[in-house]
Every structure is written in structure tokens, then in C-alpha cells.
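In what follows, a structure is listed as C-alpha cells, so that the remarks can point back to it.
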Amino acid sequence: MQITLAGKTAIVTGAASGVGLATALQYVASGLTGLVAVDLSPAPPELQKLLAERSDSVVYVRGDVGKDDTAKEYAAVATEKFGRIDVLVNNAGVALVKPIHEHTPEEWDFVMNTNVKALYFSARHVVPVMLRQKAGVILNTGSISGHVGIVGQGAYGPSKGALHQLTRQMAVEYAPHGIRVNAVALGTVDTPIVQQSAKQFSDEAAFWAMLRNNHPIGRVATAAEVAGFFTYLASDWASFFTGAILSMDGGYIAH
């Protein structure tokens, strides 16, 4: 089996680091025709290189996914430059390590807007394009925190639970129109967001050991592993997957 994204275009949010960056790079390596990478931060060196070498097929949009204008912009850029949107990866996310009662209202809204409301904004502007095409794939980055309660996950856990249910709702809503919607409920992945969380603990080494021990497989995932799975799900080989919350968690929720 050879997985290819040849002939497809994609939008990937949260593309400046971690899973989003790894997915954007893997998509291009898999023959993607056009990529719109989205993030609030500047493009990292890996994407800057692609932007310089492949300006005809790679575009970078800076913006806050928690705002409707950002979704409007990246959807417009994709359709104007590539004529269609085959794949949307809602990957941008933020987390705060604290219990719910310690969140300020501003922190709560920031997490919910980035992790949940952004999916609504993307749907407003991307789904109509896919409806006209009668085809499309939407992939959402979920979490074990959307399945089980984890100490310190505050607004993050509820936001991922909402993302999982949005995935199911969109899947049944749009399946008759040829649009598939799935989420990948990730366990711990070694990304900048997790590294930042580790630094908020008094004993960083103990934090990493705890993360490894919580996964029966005995380690955390790499961003490249996740990107490979996102590539499969975006391909035609995954054509019978929709409405699924697929656990990629090293066995975390199995115990």
C-alpha cells in the first residue's frame, strides 16, 4: 500500500510547531498539490524553506484561529490559489495546567475559542467549499483528555470533549455530501505545548516520567508518528472512516 496525497490540497492549522508542523511537512512529502499552513506565530525555518522553494504550492497565513476572520482568510486563500479544499486539519490548540476554579474568565475563553470555537469558524468557511465539491476530509486533533478526567486539565479537557462531539455531529451532518470528519484522540506527544506544560511543574523530570508511565507502551509519541496517521486519514485509503474518535494514545485509555 502506497499512501499518496497527489492531486489534493489541504489547510493545516497550528502549523508552526509540533503535530501541525510535522503534518504539514509530511503532507508535502506525500505529494500534496497545495498547502495552506496557518498559525499565530511566524513560519518556522522548515516552512520558510518550503515557502521559498515552492511558492506556487505552499502558502502561510498568520492569524488567530479563535477569530472568524482568520478562517475566512485561509479558506479564501486556498480557494483562490488552488481552486478547492480537499483536506482541513483543525490542529491548533492551547492548554493551561491548572484546575478549573483557578482559570480566569479570559483564560477559559482563550482555551475554548482556540480549541472549540475555531472548528465552528472553520466550518463556516470551509464546509461550503466542500459541499460544492461534494467531497472533503476534515480531521480534528483530539485528546485523551476528551475521554477521561486528568488532574490539572482545567478548560483543556472539556474543550477536547467538545471537539470530539463536534466531530460526530459534523460527520453525520455532512456524510451524505461526501465529506468525512474524524478526530484523533492523542495521548501525550513530545511537542512544544507539552514541553511548556512540563516547565510549569516544580520537578520537570518527574513530570516526564509520569507521562511515560501513564502510557502502557512506556513512552510518549513523536509528532512524526502522528503526522503519518494524519496522512493516512487524509488519503483515499481511509474512505470508510467518518465520525470516528480514533485513539492514538499508547494504550492510555485502555487501562
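The table below lists the values:
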read-out: Top-ranked residue in the range 86-110 [being among the hydrophobic types (A, V, I, L, M, F, W, C) and closer than 26 Å to residue 25 by Cα; ranked as modelled with the lowest pLDDT]; value: 95
read-out: Sole residue being β-branched (Val, Ile, Thr), under 20 Å from the mean Cα position of the chain (by Cα) and within 20 Å of residue 112 (Cα to Cα), chosen from 61, 38; value: 38
read-out: Members of the range 123-147 found to be part of a loop (DSSP other than H, G, I, E, B) and surrounded by 18 or more Cβ atoms within 10 Å (Cβ to Cβ), listed by number; value: 147
read-out: Which numbered condition residue 93 fails, given (1) more than 14 Å from the chain's Cα centre (by Cα); (2) open to solvent by 20 Å² or more (accessible area, probe 1.4 Å); (3) under 21 Å from residue 234 (Cβ atoms); value: (1)
read-out: Filter result (open to solvent by 20 Å² or more (accessible area, probe 1.4 Å), within 20 Å of residue 91 (Cα to Cα) and either of a type in the set (Asp, Glu) or in contact with a Lys or Arg (Cβ under 9 Å, 6 or more places away or on another chain) (or both)) within the range 199-243; value: 220, 225, 241, 242, 243
read-out: Options 111, 116; residue that is open to solvent by 10 Å² or more (accessible area, probe 1.4 Å) and either of a type outside the set (Lys, Arg) or within 13 Å of residue 156 (Cα to Cα) (or both); value: 116
read-out: Qualifying residue in the range 176-197 (condition: over 17 Å from residue 242 (Cα atoms), without any contact (Cβ under 8 Å) to a residue 24 or more places away in the chain and either among the hydroxyl-bearing types (Ser, Thr, Tyr) or open to solvent by less than 40 Å² (accessible area, probe 1.4 Å) (or both)); value: no
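The values are calculated or read from the model by the stated rules, or taken from the named source; none is laboratory data. Given the structure is predicted, the values throughout are model-derived calculations rather than measurements. Please note: Cβ atoms are built from the backbone with ideal geometry, for glycine as well, and neighbour counts cover all protein chains shown. Surface accessibility is based on the protein's heavy atoms, side chains included, excluding ligands, DNA and RNA. Shrake-Rupley method; radii C 1.70, N 1.55, O 1.52, S 1.80 Å.
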